[in-house]
Amino acid sequence: MLTSRGLGLLATTVALWLASRLLGVAALQMAAVASLLLVIAAIVFTGLTSTRLQVDRVVRPGKLFFDAEGSVSLTVVNSGRLPTARVELLDRVPLVLADRSRATIEPIPPGGRASITYRLHGAQRGRFQVGPVEVRLLDPFGLVARKRTLPGTTPVTVYPPVWRLPAGLALGGATATGDNGRRRPLPSGEDLANVREYVRGDDLRTVHWATTAHRGKLMVRQPEAPQDPRAVVVLDVRADRHAGAGPGASIETAVAAAASAGYHLASRGRAVVLLDRPMTRPPKALPWEAWLEALADTTTEPVDIGALLHQIGQGIAGDGTLVAVLTVPDAAEQRRLVRAGRGFSTRIALLVDADNHRGGRPRAGADPATTVAMLRTAGWRTTLLRRGDRLDERWRELLVQQRAVARASTASPGGPQAVRR
C-alpha cells in the first residue's frame, strides 16, 4: 500500500513524464523513470521483509488510582527468517489514558526483539482496554507500507478519586450493640424490634411465625449482628437525576464522594456496606479496595431509591453510621431519608447539586439550601457538593456542624453546665 509520500512521488512521476513528452526534455523523462523505479523497489523491498511479528504487552500497574501514572511496555519479536522493514507501532489506547502511544523501531533482525515504553495517566475512572497494536512496515524512504494488526488487549482499571478526609467526625458505635457492647435490637417499628420483613436469601429457619401470622407476610428474626462497627454508604445512581457529561458530570462527583467516604470509614475500623439499588438479600461488608473496584465502572441506571431507603429503615443493612450520597432530594424523598436514618447513631448526607453540574435551573421543589437546612434540623450532618468542590473541604463543614451541636448541647438548660451550677 502506497503511503501519502509514495502517492505524491507517483503523481510526480506522471507529471514528469507528461512534461518530458510535451517539452521534449530527455532529462525529465529519465527523472520520471527513476522515480517509478524507486516506487517499484520500495514495493519489492517491503514485500520481501518479514511480517511474522509477535507483541508482548506489560502494563504496570494494571489498576491505577485516579490521577496516578503508570506505564506500558511493548516488546515486538520477529519470529521470521528475514529481517523486518522499519516498524511503526501504534498501540490503541483511550485518549483519557495516554496521548502518545506511537513509536518507530529500526528493522528487527530474525529472532530479534525491540521494546518501547509509554506513559499512562489515570485522568478518568473506568475500565479500559489497551490494544491491539497496529503495525506499519515501511521501506527506508517511507513510500510503501504493509499494515498488520497484532491481536491482544490488556485491561486497565482506573479507580475513582479518593479524597483524604479530616478526622474528628463522630462515626457511631458497633452494629446492633449498645454502649456497653451488648447486643441491642435493631429498630423496625415492631413490638419485637429484632423482627423484620423477609428478604430473598434469608434462612427460612429464622422465620418468626407469630409475627408472620399477625402481619400476613413473612417476617424473620434479625440474626445476631457482628460486633464490628458497621457503616452503610448509599450512592444515588438514578439516570433521571444526574446531569452533565464526562469528568464534570454529577455522577462523577457522587462516585468520588462515596469512594472517599468508604475509604475514610474503612480506615477507621468500620465494616463498609455500599448500596446503590434495592437489596435482594442482606448485604455484606467488603474491604474498601473491593468497593473501589466496584465504583470504577459505576454508571447511571433507573433505580428505585425509595425502595432502598425503605429497606434501610427496616434495619436490613445494619446500623451505626449512615452516609447518604444523593442528588438533592424532593420533599417526599427527604421524608424517606429521615425515616431511613432513625436507627443510625450517625447520619451524614452528602448532597450532589446535579443542576449545578449542567448549569441548568433547579428542579421544582428541590431547592438545595432549603433541603440542607431541613436535614440539619432533622439531625443530619449535611453538606452540598457542587461542580469542582473538594470533598475534604466540605467534610470540614461537617466538623463545624458537629462542634456547633456540641456547644448547643453543653449550653442547654439540661446540659453539663446546668449540672455544674
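Rule-based calculations on the coordinates, nothing more; no lab input. The shown structure was predicted, so the numbers you read here are calculated from the model rather than taken from an experiment. Note that each Cβ is placed from the backbone with ideal geometry, even for glycine, and that neighbours are counted across all protein chains shown.
Looking only at region 53-158, where both bridge partners belong to it, what percent of the DSSP beta bridges are antiparallel (to the nearest 5)?
95 percent
For region 225-420, report the % of Cα-Cα distances exceeding 27 Å.
27 percent
Can you grab the distance from the C-alpha centre of region 81-116 to the C-alpha centre of region 28-77, Å, no decimals?
If we compute the Cα centre of each part, the gap is 5 Å.
May I ask you to sort SER267, SER345 by Cβ crowding, counting other Cβ atoms within 10 Å and putting the fewest first?
The most exposed by this proxy come first: SER267, SER345.
Note the full-extension length gain between SER4 and VAL33 as 0.36 nm times their separation in residues minus their Cα-Cα distance, in nm to one decimal.
8.5 nm
Would you mind checking which residues have amide H under 5 Å from GLY112's amide H? H placed 1.01 Å from N; only 5 or more apart, or other chain.
Residues meeting the amide H criterion: ASN78.
At q = 0.16 Å⁻¹, what log₁₀ I(q)/I(0) does region 288-332 have when each alpha carbon counts as one equal point scatterer in the Debye sum?
One equal scatterer on each Cα of region 288-332 leads to -0.63.
Compute the distribution of all C-alpha to C-alpha distances in region 53-158, in bins of 5 Å from 0, and list the percent of pairs in each, rounded to whole numbers.
The calculated distribution, bin by bin, is 2, 13, 24, 22, 16, 11, 7, 4, 1.
Averaging sequence separations of C-alpha pairs under 8 Å and six or more residues apart, then dividing by the length of the chain, give the relative contact order as a whole percent.
RCO, the chain: 12 percent.
Collect residues whose amide H, placed 1.01 Å from N in the peptide plane, falls under 5 Å from the amide H of VAL93; neighbours closer than 5 in sequence don't count.
So VAL93 has HN proximity to GLY131.
Using the C-alpha gyration tensor of region 4-48, what are the square roots of 5 times its eigenvalues, in whole angstrom, with the largest one first?
Working through the eigenvalues yields semi-axes of 23, 11, 5 Å.
Hey, fewest Cβ within 10 Å first, where do THR12, THR300 land in order?
Fewest-to-most ranking of THR12, THR300: THR12, THR300.
Quick one: compute the contact order of region 225-420, relative version, from alpha carbon pairs under 8 angstrom and 6+ residues apart, as a percent.
Computed value for region 225-420: 22 percent relative contact order.
Expected output is a single nm value to one decimal: the length gained when fully extending between ARG215 and THR153, i.e. 0.36 nm times separation in residues minus the C-alpha distance. What is it?
Extra length from ARG215 to THR153 when fully extended: 16.8 nm.
Where in the chain are the helices, taken as whole DSSP H runs, whose Cα atoms extend 15 angstrom or more along the long axis and whose Kyte-Doolittle mean reaches at least 0.0?
4-23, 26-48, 250-266
Starting with the highest mean, order 21-34, 243-256 by the number of other Cβ atoms within 10 Å, averaged over the residues of each peptide.
Result, highest mean Cβ count within 10 Å first: 243-256, 21-34.
Measure out, as a whole number of angstrom, how far apart the alpha-carbon centroids of region 321-345 and region 376-397 sit.
14 Å
Applying 1/(1 + (r/R0)^6) with R0 = 45 Å to the Cβ-Cβ distance of ARG403 and ALA239, what FRET efficiency is obtained, to the nearest 0.05?
With a Förster radius of 45 Å, E is 0.75.
How high is the relative contact order of region 303-385? Use alpha-carbon pairs under 8 Å, at least six apart in sequence, and give a whole percent.
Relative contact order comes out at 32 percent.
Just checking my list (i) 37, 24, 20; (ii) 34, 27, 19; (iii) 66, 24, 19 against semi-axes √(5λ) of the Cα gyration tensor in Å computed from this structure; which label fits?
Matching the structure shown: (iii).
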